[in-house]
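**Student:** The structure's right below; bear with me while I get my questions together.
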Amino acid sequence: MKSNFLLSLLLLTQEYFAQISPILPAPVTYKEMDGSLYFTESLDIDFSGLPVNLKDQMIELATVYHDIKLSIDLNKPRVRFKKLVNVIKDSYSINISDEVIISYSSEASGYYAFNSFMQLIEKDSVGFALKKCFVKDYPKFSWRGLHLDVSRHFFTVDEVKRYIDLMSFYKFNTFHWHLTDDQGWRIEIKSFPKLTQIGAWRDSTLNNHYSTKPRTFNKERYGGYYTQEQIKEVVSYANSKYITIVPEIEMPGHSRAALAAYPEYSCNSIQQGVEGFWGVFDDIFCSKDETIVFLQKVLDEVLVLFPGEYIHIGGDEAPKTRWKKCEKCQNLMKENNLKDEHQLQSYFIQRMDKYLTEKGRKLIGWDEILEGGLSTNAAVMSWRGFEGGVEAANLGHLVVMSPGSHCYFDHYQGKGKDEPLAIGGYTSLEKVYDFNPVPSQLNKQQEPYILGGQANVWTEYIADFKKVEYMVYPRAIALSQALWCLEKPSFKDFQKVLIDRHIRFLQKNNVNFSKSFISPEIEWKNSKKGIKFKVLPIDLTSKIQVNLNEENLDGKSQQKEIQLIENQWLEINRAKKGNSIRNLSIKTGENSIPSNFSIHASASLGVPIKFITKPSPSYNSGDLTLVDGQRGALPWRGNEWIGFDTTEIELEIDLSKKDNYKYINLSFLKDDHAWIHFPQDIEISIVEKGKRKIIESKPVISFSSGGQVQQVKIELKKSTRFMHIRIKSLLEIPNGLPGSGHVPWTFIDEIEVVR
Ligand code: ACM
Ligand code: ZN
């Protein structure tokens, strides 16, 4: 059938209107005209002149997006292609009037164009509709990357291919494959077979979050690796989707799996197993010649498998403990006039840089490779913030920005209690959206050194591929905006297009994306009688439904269902007696997942607090945090706790009326990996006519290491209105703990005063 393309009857004008584009990442130009084109299940297309791979990919994309059949019609095609020359790299355009003209420059840009074209098609009850429009587009950055750690958890070839598929829909072009780490070596190296025979398998894996005590381990043997044939298959698959793979072979740190196979390449040759715990380990590759030669032989095989320009050699988190005690390492330092072990690491990386450069490749490493001097040709991947990237660009080196603040997809993305376990941190969809790989410190001449950006997906707490999809989508789509768009639309506009157009696509393809961003936005305030909140649903037309369950001291509970209207505040009152709990579940519309809260409605709920000692700006989410009824929890996220970096903390509470108070309950956090410790002493005073009277001074008992929350209950039995709290921390972190010698952090949430 050639007549399945009906012309719109509304074709009255050729005037274009700037509109919100349904394409993600959003194109440089999108303009709509009046009218649409319609077709039913198949679309006539003229593929002549297109490269075979591109044609095959287009046929597949038409199915993936909409189950549309592309029929070849050279006489009366509805879609035709044109080749562009002398344009910005990877430029394309789409012109939809009475026919569709797709103009492309590179083969990749033809693929990008066709993805965009598919995203313009809307399905209705009759068939498919295409708004008449004009699209012009090209990418902002040349490195648009996603990383996947297959060492902490292993993912099959099919899963890796699916990861690549999903990347390709959103115009990513670089897949950083993190193939080796302490917990498993995942690439077959024929000259060193033990790397996979031994190094790909571990005998135990930590069960819960590393801060959960007591720690338990799953004693099942766990592992896997890719044969060289499988690697070739994945590389070729990625290539067919215009994605380059950057392999990472970690050195000199994160090398415990390799050293389990070949302990002779460590400093002390002590045989240890492949690691089953997460973290940073002292045993690393020795800097001696034998190790360097071994690693260069490994790289020889890697280079054959991965034809891309960049080879990632890690370089992060390499403790120098063993190097300091190793005769060979120390001799190397003397022979080469190296003043410390950082310079020795720099020497190590320089030898790899030289080797790769001679083979026509380029070395890239994490920003620690700046320490001790950056080697001549190295590119830097900045993960500990933007600073490493700025320093490297200042030195004239190429940079990929991948800061933890915006680009770590192993962090939490929602505040709900039902969020699956993550390593920690909070990186919302909006935070990712705000990512700009070019920091303001760089001037116009330095900007071109920033190749682009990348998100990292570390898999300590991501044991299966469904969870990979959950952690990565939709955050990867927000990242694609940050890396592709010349000018990003507002976050609200992005969110609307994501919800209206792209969720359906993800659902159609069974992507287990996170719906946390569809949770309603909730604003909290203090009120006369306690606290109040209002709800801002993502979709303003949806109903706001609140389920309130009140558990009172007498053990009775009461269930209420409340329908709120937009901008209506709902108040939660202080308890007249005791510390009753109000469980709230807030839902807005069908697609929304409920936000759940447990509010401890004590007598201090929502009361004013005066911070005599100011909290650290990095961990201060507002005065209400301490009295919003919501206790900070583990694993901790920055926004739930108020953090202080002083040894003494003073604050004053106004309980708003003089009354008899039974006790005060304070909650503290401890996570010694993050330098957060329990305080040493808490002193509570009541204040009468401006005078303080100490009623209790209490030491806090600190336990073993790891993460924990401690409630400290102090009896009051006093009548007062004003209360003064003084908290003293350790003067410094004791020896043997991370950050020893520094002032510890004190994290508080919540303060509950009970009548
Ligand atoms: C890293 O996250 N250690 C690069
Ligand atoms: Zn050594």
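The values are calculated or read from the model by the stated rules, or taken from the named source; none is laboratory data. Just so we're clear, the structure is a prediction, and the values are computed from it rather than from any experiment. Note that we place each Cβ from the backbone using ideal geometry, even for glycine, and neighbour counts take in every protein chain shown. When the accessible area is computed, the model is the full protein with side chains, heavy atoms only, and any ligands, DNA or RNA have been set aside. Shrake-Rupley method; radii C 1.70, N 1.55, O 1.52, S 1.80 Å.
**Student:** Name the single residue, out of those in region 509-520 being touching a residue at least 12 places away in the same chain (Cβ under 8 Å) and either farther than 25 Å from Asn596 by Cα or touching a helix residue (DSSP H, G or I) at 6+ places or on another chain (Cβ under 6 Å) (or both), that is most open to solvent (accessible area, probe 1.4 Å). Working first, answer last.
**Tutor:** Quick first cut of region 509-520, residues touching a residue at least 12 places away in the same chain (Cβ under 8 Å) only: 509, 511-520.
With either farther than 25 Å from Asn596 by Cα or touching a helix residue (DSSP H, G or I) at 6+ places or on another chain (Cβ under 6 Å) (or both) added as a condition, the list becomes 509, 511-514, 517.
Details: Asn509: 34, Val511: 12, Asn512: 57, Phe513: 11, Ser514: 1, Phe517: 27 Å².
Taking the candidates together, the pick is Asn512.
**Student:** Among Tyr242, Tyr222, Tyr226, which is away from ligand 1 (no atom under 16 Å from the Cβ), in contact with a Lys or Arg (Cβ under 7 Å, 6 or more places away or on another chain) and open to solvent by 20 Å² or more (accessible area, probe 1.4 Å)?
**Tutor:** Matching residue, one of Tyr242, Tyr222, Tyr226: Tyr222.
**Student:** Okay, next question. Checking the structure you have, find out if any residue of region 175-185 is surrounded by fewer than 22 Cβ atoms within 10 Å (Cβ to Cβ), of a type in the set (D, E, K, R) and in contact with a helix residue (DSSP H, G or I) (Cβ under 9 Å, 6 or more places away or on another chain).
**Tutor:** no
**Student:** Quick check on my filter: what residues within region 68-88 are modelled with pLDDT of 95 or more and loosely packed, with under 14 Cβ neighbours inside 10 Å?
**Tutor:** Scanning region 68-88 gives Lys82, Lys83, Ile88.
**Student:** Could you identify the single residue in Ile572, Ile499 that is touching a helix residue (DSSP H, G or I) at 6+ places or on another chain (Cβ under 9 Å) and surrounded by 15 or more Cβ atoms within 10 Å (Cβ to Cβ)?
**Tutor:** Working: Ile572 fails: touching a helix residue (DSSP H, G or I) at 6+ places or on another chain (Cβ under 9 Å).
After applying the criteria, what remains is Ile499.
**Student:** Okay, moving on. Of all residues in region 247-279, how many are among the aliphatic types (A, V, I, L, M), open to solvent by 30 Å² or more (accessible area, probe 1.4 Å) and within 16 Å of ligand 1 (Cβ to nearest atom)? Before you say what the answer is, go through the steps one by one.
**Tutor:** Initial filter on region 247-279 (among the aliphatic types (A, V, I, L, M)): 249, 251, 257-261, 270, 274.
The next check asks that each one be open to solvent by 30 Å² or more (accessible area, probe 1.4 Å); those that pass are 270.
Those left that are additionally within 16 Å of ligand 1 (Cβ to nearest atom): none.
The qualifying residues number 0.
**Student:** Just need a number here: residues in region 373-395 that are of a type in the set (Ser, Thr, Tyr) and either more than 15 Å from ligand 1 (Cβ to nearest atom) or open to solvent by 20 Å² or more (accessible area, probe 1.4 Å) (or both). I'd like the intermediate steps shown before the answer.
**Tutor:** Restricting attention to region 373-395, the residues satisfying the condition of being of a type in the set (Ser, Thr, Tyr) are 375-376, 382.
Checking which are either more than 15 Å from ligand 1 (Cβ to nearest atom) or open to solvent by 20 Å² or more (accessible area, probe 1.4 Å) (or both) leaves us with 375-376.
Residues flagged as of a type in the set (Ser, Thr, Tyr) and either more than 15 Å from ligand 1 (Cβ to nearest atom) or open to solvent by 20 Å² or more (accessible area, probe 1.4 Å) (or both) within region 373-395 amount to 2.
**Student:** Of all residues in region 312-336, which are away from ligand 1 (no atom under 16 Å from the Cβ) and in contact (Cβ under 8 Å) with a residue 40 or more places away in the chain?
**Tutor:** Result: Arg322, Trp323, Lys325, Cys326, Lys328, Cys329, Leu332.
**Student:** Just the residues that are farther than 16 Å from Ile270 by Cβ and of a type in the set (D, E, K, R), please, taken from region 302-323.
**Tutor:** Result: Glu309, Asp316, Glu317, Lys320.
**Student:** Taking region 723-733 on its own, how many of its residues are open to solvent by 50 Å² or more (accessible area, probe 1.4 Å) and touching a Gly at 6+ places or on another chain (Cβ under 9 Å)?
**Tutor:** So the answer is 1.
**Student:** What strands (runs of 3 or more DSSP E) completely inside region 451-570 contain at least 1 residues that are more than 30 Å from Pro608 (Cβ to Cβ)? Before the answer, list the steps.
**Tutor:** Numbers: elements: 521-526, 530-536, 544-551, 557-564.
Ranges flagged: 544-551, 557-564.
Residues checked against (1) within 16 Å of ligand 2 (Cβ to nearest atom); (2) farther than 13 Å from Met401 by Cα; (3) modelled with pLDDT under 95:
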{"position": "Ser428", "(1), (2), (3)": "no, yes, yes"}
{"position": "Val432", "(1), (2), (3)": "no, no, no"}
{"position": "Asn436", "(1), (2), (3)": "no, no, no"}
{"position": "Pro439", "(1), (2), (3)": "no, no, no"}
{"position": "Pro448", "(1), (2), (3)": "no, no, no"}
{"position": "Gln454", "(1), (2), (3)": "no, no, no"}
{"position": "Ala463", "(1), (2), (3)": "no, yes, no"}
{"position": "Lys466", "(1), (2), (3)": "no, yes, no"}
{"position": "Arg475", "(1), (2), (3)": "no, yes, no"}
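**Student:** Right, something else. Testing Ile364 on (1) away from ligand 1 (no atom under 16 Å from the Cβ); (2) touching a strand residue (DSSP E or B) at 6+ places or on another chain (Cβ under 7 Å); (3) modelled with pLDDT of 95 or more, one condition comes back false. Which one is that?
**Tutor:** (1) is the only condition that Ile364 fails.
**Student:** Turning to a different aspect of this structure: Is region 461-478 home to any residue that is within 16 Å of ligand 1 (Cβ to nearest atom) and more than 28 Å from Ala62 (Cα to Cα)?
**Tutor:** yes
**Student:** So Gln296 fits all but one of (1) within 29 Å of His397 (Cβ to Cβ); (2) within 16 Å of ligand 1 (Cβ to nearest atom); (3) open to solvent by less than 60 Å² (accessible area, probe 1.4 Å); what number is the exception?
**Tutor:** Only one criterion in (1) within 29 Å of His397 (Cβ to Cβ); (2) within 16 Å of ligand 1 (Cβ to nearest atom); (3) open to solvent by less than 60 Å² (accessible area, probe 1.4 Å) is unmet by Gln296, namely (2).
**Student:** Restricting attention to region 245-263, and to residues there that are in contact with a helix residue (DSSP H, G or I) (Cβ under 7 Å, 6 or more places away or on another chain) and outside any loop (DSSP other than H, G, I, E, B), which single residue is farthest from ligand 2 (Cβ to nearest atom)? Full working, then the answer.
**Tutor:** Looking only at region 245-263, we keep the residues that are in contact with a helix residue (DSSP H, G or I) (Cβ under 7 Å, 6 or more places away or on another chain), and these are 245, 247, 249, 251-252, 258-259, 261-262.
Still in the list and also outside any loop (DSSP other than H, G, I, E, B): 245, 247, 249, 251, 258-259, 261.
Details: Ile245: 31, Pro247: 25, Ile249: 19, Met251: 13, Ala258: 15, Leu259: 12, Ala261: 18 Å.
Out of the qualifying residues, it is Ile245.
**Student:** Considering only region 625-645, I want to know if a residue exists there that is touching a residue at least 40 places away in the same chain (Cβ under 8 Å), farther than 28 Å from Asp418 by Cα and surrounded by fewer than 21 Cβ atoms within 10 Å (Cβ to Cβ).
**Tutor:** Looking through region 625-645, at least one residue is touching a residue at least 40 places away in the same chain (Cβ under 8 Å), farther than 28 Å from Asp418 by Cα and surrounded by fewer than 21 Cβ atoms within 10 Å (Cβ to Cβ).
**Student:** I need the full set of residues from region 657-690 which are among the small types (Gly, Ala, Ser) and crowded, with 16+ Cβ neighbours inside 10 Å, in order please.
**Tutor:** The initial filter retains those residues of region 657-690 that are among the small types (Gly, Ala, Ser), namely 667, 674, 685, 690.
Ser667, Ala674, Ser685, listed by residue number.
**Student:** Of all the residues that make up region 303-327, how many are within 25 Å of Trp278 (Cβ to Cβ), more than 16 Å from ligand 2 (Cβ to nearest atom) and surrounded by fewer than 18 Cβ atoms within 10 Å (Cβ to Cβ)?
**Tutor:** The number of residues fulfilling the criteria is 2.
**Student:** Does region 155-170 hold any residues that are touching a residue at least 40 places away in the same chain (Cβ under 8 Å), surrounded by fewer than 19 Cβ atoms within 10 Å (Cβ to Cβ) and of a type outside the set (S, T, N, Q), and which are they? Give the derivation first.
**Tutor:** First, the residues of region 155-170 that are touching a residue at least 40 places away in the same chain (Cβ under 8 Å): 155-157, 159-170.
From what's left, surrounded by fewer than 19 Cβ atoms within 10 Å (Cβ to Cβ): 156-157, 159, 161-162, 165.
Residues satisfying the conditions are Val157, Glu159, Lys161, Arg162, Asp165.
**Student:** Also: Suppose we filter Leu398, Leu363, Leu370 for residues that are under 27 Å from the mean Cα position of the chain (by Cα) and open to solvent by 30 Å² or more (accessible area, probe 1.4 Å); which single one remains? Talk me through it step by step, then tell me what you get.
**Tutor:** Details: Leu363 fails: open to solvent by 30 Å² or more (accessible area, probe 1.4 Å); Leu370 fails: open to solvent by 30 Å² or more (accessible area, probe 1.4 Å).
Step by step, each of Leu398, Leu363, Leu370 is checked, and only Leu398 is under 27 Å from the mean Cα position of the chain (by Cα) and open to solvent by 30 Å² or more (accessible area, probe 1.4 Å).
**Student:** For Ser621, which of the numbered conditions (1) in a loop (DSSP other than H, G, I, E, B); (2) open to solvent by less than 20 Å² (accessible area, probe 1.4 Å) fails to hold?
**Tutor:** Of (1) in a loop (DSSP other than H, G, I, E, B); (2) open to solvent by less than 20 Å² (accessible area, probe 1.4 Å), only one is false for Ser621: (2).
**Student:** Let me ask something else about it. For region 125-143, state whether one or more residues are within 22 Å of the chain's Cα centre (by Cα) and closer than 21 Å to His411 by Cα.
**Tutor:** no
**Student:** For Gly373, are the conditions met, namely being of a type outside the set (A, V, I, L, M, F, W, C), under 25 Å from Lys194 (Cα atoms) and more than 16 Å from ligand 2 (Cβ to nearest atom)? Before the answer, list the steps.
**Tutor:** Values: of a type outside the set (A, V, I, L, M, F, W, C): yes; under 25 Å from Lys194 (Cα atoms): no; more than 16 Å from ligand 2 (Cβ to nearest atom): yes.
So Gly373 fails the test.
**Student:** Take region 89-145 and flag every residue that is among the aliphatic types (A, V, I, L, M) and open to solvent by 20 Å² or more (accessible area, probe 1.4 Å).
**Tutor:** The initial filter retains those residues of region 89-145 that are among the aliphatic types (A, V, I, L, M), namely 94, 96, 100-102, 108, 113, 118, 120-121, 126, 129-130, 135.
Correct list: Ile101, Val126.
**Student:** If you don't mind, another one. Would a scan of region 187-209 turn up a residue that is in contact (Cβ under 8 Å) with a residue 40 or more places away in the chain, open to solvent by 60 Å² or more (accessible area, probe 1.4 Å) and within 16 Å of ligand 2 (Cβ to nearest atom)?
**Tutor:** Within region 187-209 (the criterion being in contact (Cβ under 8 Å) with a residue 40 or more places away in the chain, open to solvent by 60 Å² or more (accessible area, probe 1.4 Å) and within 16 Å of ligand 2 (Cβ to nearest atom)), the answer is no, since none of the residues qualifies.
**Student:** Inspect region 408-418 for any residue being away from ligand 2 (no atom under 16 Å from the Cβ) and without any contact (Cβ under 8 Å) to a residue 24 or more places away in the chain and give the result as yes or no. Steps first, answer last, please.
**Tutor:** In the first step, residues of region 408-418 are kept if they are away from ligand 2 (no atom under 16 Å from the Cβ); the result is 408-418.
When the remaining residues are screened for being without any contact (Cβ under 8 Å) to a residue 24 or more places away in the chain, the result is 411.
Scanning region 408-418 turns up at least one residue that is away from ligand 2 (no atom under 16 Å from the Cβ) and without any contact (Cβ under 8 Å) to a residue 24 or more places away in the chain.
**Student:** Another question, if that's okay. Looking at (1) over 18 Å from Leu259 (Cβ atoms); (2) within 29 Å of the chain's Cα centre (by Cα); (3) crowded, with 19+ Cβ neighbours inside 10 Å, can you tell me which one Leu338 breaks?
**Tutor:** (2)
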